[in-house]
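The values are calculated or read from the model by the stated rules, or taken from the named source; none is laboratory data. Just so it is clear, the structure is predicted and the values come from calculations on it, not from any experiment. Glycine also receives a Cβ, built like all others from the backbone with ideal geometry; neighbour counts cover every protein chain displayed. Calculation scope for accessible area: heavy atoms of the full protein, side chains included, ligands and nucleic acids excluded. Shrake-Rupley method; radii C 1.70, N 1.55, O 1.52, S 1.80 Å.
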Amino acid sequence: MISLEEAQARLLSNIVALPIETCPLLDANGRWAAANVSAVRTQPARNLSAMDGYAIAHVSFPGPWQVCGESAAGSPWNGACDSKKAVRIFTGAIIPDEYDCVIIQEDIRKTEDIISLSGAAAPKCGQHIRRAGSDFNAGTILIKSGDRMTAARIALAAMGGHGQVSVRRRVRVALLSTGNELVKPGEPVADHQIPSSNAPMLEAMLADLPADVVDLGIIADDVDAIAHAIRSADVDIIVTIGGASVGDHDLVKPALDACGATLDFWKVAMRPGKPVMAGKVGKTLVLGIPGNPVSAFVTSLLFLRPAICTFGGATNPLPARVTAILDGTLPSTGPRTDHIRGYVQNGHVKAIGMDDSAILVGLAQSNALIVRPGNSAPVKSGDTVEIIVHA
Ligand code: AMP
Ligand code: MG
């Protein structure tokens, strides 16, 4: 049995990021930039007004001013102007170079085309002006290779002059649920059966990642049937669910052997999820996750999601561990890293208390896993613990 950290490191070091493609900005959402994105323009390109009002040259002339023209967003004033005059200006409009500040319209008294200050405060040089380049200059690196394309970074790339970016192609994932007892969710369930809840759970867990998931459905506990399904999947990652232990009906390992798979690890010092296995069939990564719902959740969070992120070119593929203050007590742990269902709020976390790996109600009530490394001493209220926030 290997440690959780070693298993994660081994899995991820076996993954080569997928080929690079160029795609429209929106298609890049949630993927990782495969190259630095530099600005091809300066933003703003010129000094712009941040308010509706009047542009003046307050340093050289105290007013009153004659209004000589108007500049609106998209319609700059191209006529003559000088420091003794003012230009009517609107938010986002170019400020003619002669002017150094904007007076908001509420602070202006206007008689015909002559304006003067009505507000008490003296204008300040540069007020209400968005300076050219105050966001970024042409040539600035806006997004670094490996950064995730978030909504804000998509906006930044667009503002920087780009309609498309380089990312890794989407990851193809196949889910394969094994078990004679499984039925499709929503279908009639006899007492000797259970709904295959892991398949929709996993698909939901991957929904925010750039992965195209094919659900290969429910495969009977039969070595040939499982091996056939594994061979037929043309994907980057095959995820088998269930059948990963050593019981007579746990046939994923024999099926992988039948496919000529090389197994990298099987059994990890973690709880829940110990029987997780990883290997390769040809070039395809195979991740065998245990069938117990909470084990499937935890191993998907700690192995499957990071694997997809690594295929996608992420620089930090593992889920973030943060600290929280514990409310309540937790006993010492055994040799395996424990993942306890918890609820975190305002920096405090408490254990939900339903820790059987088959209990979905406890998992569904939790929004975090409390991570307790192997051989940890007991902890009490007020102690700091590490958590992974998952909802
Ligand atoms: P296994 O890993 O096949 O030994 O399964 C462990 C437990 O998880 C058993 O109680 C199975 O019935 C259950 N299980 C296996 N696959 C699924 C699934 N796809 N959805 C929900 N429960 C499952
Ligand atoms: Mg089974």
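Ser366 meets each of the listed conditions (1) touching a residue at least 24 places away in the same chain (Cβ under 8 Å); (2) at positive phi apart from (2). Can you confirm whether Thr150 is over 21 Å from the mean Cα position of the chain (by Cα) and away from ligand 2 (no atom under 16 Å from the Cβ)? When the stated conditions are applied, Thr150 does not pass them.
With respect to Ile226, determine if the residue is part of a helix (DSSP H, G or I), open to solvent by less than 20 Å² (accessible area, probe 1.4 Å) and within 13 Å of ligand 2 (Cβ to nearest atom). Yes, satisfied. Scanning region 190-197 for any residue that is assigned to a strand (DSSP E or B) and more than 10 Å from ligand 1 (Cβ to nearest atom) turns up nothing.
Screening Tyr54 with (1) open to solvent by less than 80 Å² (accessible area, probe 1.4 Å); (2) closer than 25 Å to Ala157 by Cα gives one miss only, at (2). Which one is nearest to Thr323 (Cα to Cα), of the residues in region 350-385 that are open to solvent by 70 Å² or more (accessible area, probe 1.4 Å) and of a type in the set (D, E, K, R)? Looking at residues that are open to solvent by 70 Å² or more (accessible area, probe 1.4 Å) and of a type in the set (D, E, K, R), I get Lys350. Checking each residue of region 58-65 against the condition of being farther than 30 Å from His162 by Cβ and crowded, with 21+ Cβ neighbours inside 10 Å gives at least one match. Within the option set Arg88, Arg109, Arg172, being assigned to a strand (DSSP E or B), open to solvent by 70 Å² or more (accessible area, probe 1.4 Å) and more than 27 Å from Met205 (Cα to Cα) holds for one residue only, Arg109. Residue count for region 239-284 under the criterion of being in a loop (DSSP other than H, G, I, E, B) and either open to solvent by 50 Å² or more (accessible area, probe 1.4 Å) or under 14 Å from Ala229 (Cβ atoms) (or both): the result is 14. The combined condition, being free of Cβ contacts under 8 Å to residues at least 40 places away in the same chain and hydrophobic (A, V, I, L, M, F, W, C), is not fulfilled by Ala244.
Looking only at region 1-55, residues that are within 30 Å of Asp100 (Cα to Cα), out of contact with any helix residue (DSSP H, G or I) (no Cβ under 6 Å at 6 or more places or on another chain) and either modelled with pLDDT under 95 or outside any strand (DSSP E or B) (or both) come to 10 in all.
Cβ separations smaller than 6 Å between residues 6+ apart or across chains give the following pairs from region 177-189 residues that are closer than 11 Å to Gly217 by Cα to residues that are open to solvent by less than 90 Å² (accessible area, probe 1.4 Å) and among the small types (Gly, Ala, Ser): Ser177/Ser196; Ser177/Ala199; Thr178/Gly242; Thr178/Gly243; Gly179/Gly242; Leu182/Ser196.
Residue by residue, here is whether (1) in contact with a Cys (Cβ under 8 Å, 6 or more places away or on another chain); (2) crowded, with 21+ Cβ neighbours inside 10 Å; (3) assigned to a helix (DSSP H, G or I) holds:
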residue	(1), (2), (3)
Pro306	no, no, yes
Gly313	no, yes, no
Thr323	no, no, no
Pro335	no, no, no
Ile340	no, yes, no
Ile388	no, no, no
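It is to be established whether one or more residues within region 146-168 are over 25 Å from Gly313 (Cα atoms), small (Gly, Ala, Ser) and open to solvent by less than 60 Å² (accessible area, probe 1.4 Å). No, every residue in region 146-168 fails to be over 25 Å from Gly313 (Cα atoms), small (Gly, Ala, Ser) and open to solvent by less than 60 Å² (accessible area, probe 1.4 Å). For the residues Glu181, Glu187, Glu203, the requirement of being within 16 Å of ligand 2 (Cβ to nearest atom) and open to solvent by 60 Å² or more (accessible area, probe 1.4 Å) singles out Glu181.
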